[in-house]
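S.K.: Take a look at this one; I'll ask things after.
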Amino acid sequence: MAFCFDVAVKGLLLLLCLKGFQVSHGTTDPQDAAALLSLRSQWTNTPPSWSKSDDPCDTNWDGVFCNDSRVTFVRLSTMGIRGTLSGDIGQLTELRSLDLSFNNELGGPLSPNIGNLKQLSTLILAGCDFSGEIPSELGNLQQLSFLALNSNKFSGKIPASLGSLSNLYWLDLADNQLSGPLPISTHKAPGLDQLLHTKHFHFNKNKLSGNIPDKLFSPSMSLIHLLFDGNQFTGEIPVSLGLVQTLAVMRLDKNYLSGSVPENINNLTQLTEFNLANNKLGGPLPDLSGMTALNYVDLSNNSFDPSETPAWFSELSSLTVLVIESGGIHGKVPEKLFSFPQLEQVILDINQFNGTLTMGDTISEQLQIVNFRDNLLSSFTVTSKYNKSLILIDNPVCDTQLSNTVYCRPQQQQQKLSVPYSTSITHCGKISCQMGQSLSPQSCNCAYPYQGLMVFRAPLFRDVTNATLFQSLESSFWMKLGLTPGSVFLQNPMFNSDSYMELQVKLFPSDGMYFSRSEVLRIGFDLSNQTYKPPSLFGPYYFIATPYPFPGNISIVHLAELTRKTNTKYYPDQGGKSSMSTGVIIAIAAGCALLFVGLVGAGIYALLQKKRARKAMEISRPFSSWANSNKDSEGAPQLKGARWFSYDELKKSTNEFSQVNEVGSGGYGKVYRGMLSTGQLVAIKRAQHGSMQGGLEFKTEIELLSRVHHKNLVGLVGFCFDQGEQMLVYEFISNGTLRDSLTGKSGIQLDWKRRLRIALGSARGLSYLHELANPPIIHRDVKSSNILLDDNLTAKVADFGLSRLVSDGEKGHVSTQVKGTLGYLDPEYYMSQQLTEKSDVYSFGVVMLELITARQPIEKGTYIVREVKMSMKKNDEEFYGLKKILDPLILSTVNLTGFGRFIELAMRCVEESAADRPTMGEVVKEIEAILQNDGLNTNSTSASSSATDFGNPKGTFRHLYNDSFPRKELKGSAFDYSGGLALSAKPEPK
């Protein structure tokens, strides 16, 4: 008996030792593990994966990403987490990104310990329930570039320490209860005036007070969005504000500002939205004639001096909305105002406009509302071309000429207003869904959508009935968030009392009734981190999501009750009945069982260790299958800026290569959108088995691609050669292809100047391949769908690789392998069966013709090159005889700078004889000359800046909100490659 008992004890000790040994070898740093375990104990409704293990990095807790053993990213957006954020968060000292947004039951004070996260570059707590003061310790986070604390209950003052965040790009403190003055630097403390690189000051909807300090602004600042509306600011508008030339949106409405508007405000030529409504401003009505980019103006309800109709009413042809209620304006309304092509609303009620209101015969087709209520208009020239809402109530004309017309009947005005847009589901018929479910417009099935309220702070339109605009928003959602086409439902767009446009959004899963947790985390981060960019007309936004109703969530109380019942079932109360023999039997049985478990555990542990050792060997030598048997035992490719990825890593980043993440396909295979553990978005090109290369050929290709670094070429991030897979990992380009933009599919409108910059950028990329790549590369498939546009609308040439490699021994750089596309293919190929660099030039010339016509190379049996040649008339200095086939978007441009030279260059590129075509280097120089002749900077090929260089074209808008912020999440041995993101300088097997 003693022997068995001894065996039992030893077995128990063995089991405990094995268990302890296993814990000590967990993959998560002990400090990080302790911090997350503590948070787990304080939170409810955490992801189920958090309860499966105490080792976050080893078992892939949802929303937790690790680098080696350290936790670097925690992203739990929209998880429905409840509780507080304790000081334990400060133990995650290697954390670079923390996103807890849209958990509206996560709140309480924000711990000062968050200031310990010295590596943090992204902090997003938007749409939670945090309260109390913003800790001054945030000023310790010197790496911070993105700070979003909006839509909480923070109170007290803005800490002056935020002024020390020199890398800050985005600062959003809107929709809180903050009070007091704006902090300005002194010799003892920092201030907001030191944030020279910050582009977004979102302080709206708080209780901030005092003067707006003149010291806050300077010419060195990079601000594009200044949102101070809905506060309690007093005093005058600082003169220094007129020095910030980068400003695009300025909202100072709903404050108590007084004094005159500074004259130098008129120098803000990039400003598109200017809102000073509902203040106490006086002096003359401001002169806005220099603000040639203005779309939206609201100067209502101030105390301006009485004035004549300003001249700029007839000059700002880019206007979409003009609102001046109670402005003290008198005189006649200029007829030209109503002809501006994108004008939607004119609201000039409670003024003293007099005489005859004449709207003319060239009224904007977009005009929806004209409101001149309570003026002194005595007559009206009727036009049959305008049948939308016209309000003339309380004017003398309503007592005479128009007394019995709809224009003077308030009860009938609303009848002319259309119903706000809503995604159609009429094709689904009448289907009822359970509570919490909604009907997917794509599948007509009931499902649980990812939903919330999207709030646009400065949209460049006011027509909530415009189906074209909202359908472009729908398509941008599913294109940029990796959803199935048609899986977006929009409803009830409306402008609230703050002049923000609110919109209900529902995003549906492509398969089944639920999104996976990884999909919800990805969508939530894209929306909270502003990775998702809507079409430019919608402007800046924020999104407040509803916590997602995941299936199978069991409350802690319910789980405890189940545990108690289970224990009672299998270990019932013995009622005190026992005997020595029974106890001995139990002891023996337990001892033997423990011994058996211990032995089994030891065996399993040994197997695991062997498996881990084998895995470690594979990871340390991932290229052994490429090695030559006689030399180069490791076989590692010589890379410059690309890294190796395991199959499992890419599988996780793409939600197991789900159809939702699929963004394209071709002869090579499929392309997937993925998010790496660093948070970087990538495009993963996965070869299908029939198109795979040999190992050494694939090795040669990635060595080649890793050496190609240019800002106008899509950059290689890495590759996978693992478990029989071949994958190339590229930077993810968010705005789709040039073809998508030319057809309107992407929702991006390209004016003439943007098209010139896109042509220059893509030409530079091809010139690099031909002249500077080593060895030179012929692309062989240049076309508009292989030119991608990034967040800044910078052109990036895609889809070049080994199959286009130029032989060093061939003088003409000839490639006999063809992959060209009909309509772009060099006509000489049909005779020589060879492609050269001049073949790329020919294809690029076709792309240039696409840029001016927006047509496909072959459309309805018509070849674009032949059509342009037949239509050209050089004696037509403005349009070269091509007016009938030009894209209407550029026809409305005021000045088609260099149009003739551009056409002539395109026609030289598409000469039938290759000898008559220029080189790509010569093409670059010619396009640069076109831009330089108009005094433009050719060092930038970002098309998002076109309106900063030229007068705005009619009917188009700058892409204000698609400026990318600097990503500083990857440190160490890194360098900048063509995509602008930091990458490892050597292969780093994970």
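The values are calculated or read from the model by the stated rules, or taken from the named source; none is laboratory data. Nothing here was measured: the structure is a model prediction, and the numbers come from that model. With ideal geometry, Cβ positions are generated from the backbone for all residues, glycine too; neighbour counts draw on all protein chains shown.
S.K.: Can you pull out the residues in the stretch 339-382 that are over 19 Å from Ile393 (Cβ atoms) and either among the charged types (D, E, K, R) or surrounded by 22 or more Cβ atoms within 10 Å (Cβ to Cβ) (or both)?
M.R.: Phe340, Gln342, Leu343, Glu344, Asp361, Glu365
S.K.: Considering only the stretch 744-763, how many residues are at pLDDT 85 or above and out of contact with any Ser or Thr (no Cβ under 6 Å at 6 or more places or on another chain)?
M.R.: So the answer is 6.
S.K.: If a residue has to be buried (at least 20 other Cβ atoms within 10 Å of the Cβ) and either in contact with a Gly (Cβ under 9 Å, 6 or more places away or on another chain) or in contact (Cβ under 8 Å) with a residue 60 or more places away in the chain (or both) to count, how many in the stretch 57-73 make the cut?
M.R.: 6
S.K.: So, one more: Filter the stretch 843-861 for residues that are touching a Lys or Arg at 6+ places or on another chain (Cβ under 8 Å) and of a type in the set (Val, Ile, Thr); which is surrounded by the fewest Cβ atoms within 10 Å (Cβ to Cβ)?
M.R.: Selected residue: Ile852.
S.K.: All but one of (1) under 20 Å from Trp43 (Cα atoms); (2) assigned to a loop (DSSP other than H, G, I, E, B) hold for Gln143; which doesn't?
M.R.: Here Gln143 clears every test but (1).
S.K.: Sticking with this one: Does the stretch 505-517 contain any residue that is modelled with pLDDT under 85 and over 25 Å from Gln434 (Cα atoms)?
M.R.: no
S.K.: On the given criteria, is Phe508 within 25 Å of Ser389 (Cβ to Cβ) and not charged (D, E, K, R)?
M.R.: Judged against the criteria, Phe508 is not a match.
S.K.: Right, next: Select, from Ser378, Ser476, the only residue that is modelled with pLDDT under 90, over 23 Å from Asp498 (Cβ atoms) and touching a Gly at 6+ places or on another chain (Cβ under 7 Å).
M.R.: Only one candidate passes the filter, namely Ser476.
S.K.: Could you tell me which of the residues Glu867, Glu878 is at pLDDT 85 or above and over 37 Å from the mean Cα position of the chain (by Cα)?
M.R.: Glu867
Rundown of residues vs (1) over 30 Å from Gly900 (Cβ atoms); (2) not in a helix (DSSP H, G or I), yes/no style:
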| residue | (1), (2) |
| --- | --- |
| Ala683 | yes, yes |
| Lys699 | yes, no |
| Ile702 | yes, no |
| Lys711 | no, yes |
| Asp740 | no, no |
| Lys745 | no, yes |
| Ile758 | no, no |
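S.K.: Quick check, is Glu519 touching a residue at least 24 places away in the same chain (Cβ under 8 Å), part of a helix (DSSP H, G or I) and in contact with a Ser or Thr (Cβ under 7 Å, 6 or more places away or on another chain)?
M.R.: So Glu519 does not fit the description; no.
Every residue, every condition in (1) among the polar types (S, T, N, Q); (2) without any contact (Cβ under 8 Å) to a residue 60 or more places away in the chain, yes or no:
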{"residue": "Gly674", "(1), (2)": "no, yes"}
{"residue": "Thr678", "(1), (2)": "yes, no"}
{"residue": "Val717", "(1), (2)": "no, no"}
{"residue": "Met727", "(1), (2)": "no, no"}
{"residue": "Tyr730", "(1), (2)": "no, no"}
{"residue": "Gly736", "(1), (2)": "no, no"}
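S.K.: Looking only at the stretch 343-377, count every residue that is closer than 21 Å to Tyr296 by Cβ and among the small types (Gly, Ala, Ser) and tell me the total.
M.R.: Here the count works out to 1.
S.K.: Looking only at the stretch 99-135, how many residues end up being in a loop (DSSP other than H, G, I, E, B) and surrounded by fewer than 21 Cβ atoms within 10 Å (Cβ to Cβ)?
M.R.: Selection size over the stretch 99-135: 5.
S.K.: Another question, if that's okay. Residue check, Leu110 against (1) closer than 20 Å to Leu138 by Cβ; (2) at pLDDT below 95, all met but one. Which one?
M.R.: Of everything listed in (1) closer than 20 Å to Leu138 by Cβ; (2) at pLDDT below 95, Leu110 misses just condition (2).
S.K.: Something else about it: Go through (1) of a type in the set (Phe, Trp, Tyr); (2) touching a strand residue (DSSP E or B) at 6+ places or on another chain (Cβ under 6 Å); (3) modelled with pLDDT under 50 one by one and return the number of the condition Tyr570 breaks.
M.R.: (2)
S.K.: Would the stretch 278-293 turn up any residue that is among the hydroxyl-bearing types (Ser, Thr, Tyr) and surrounded by 23 or more Cβ atoms within 10 Å (Cβ to Cβ)?
M.R.: Checked the stretch 278-293: no residue is among the hydroxyl-bearing types (Ser, Thr, Tyr) and surrounded by 23 or more Cβ atoms within 10 Å (Cβ to Cβ).
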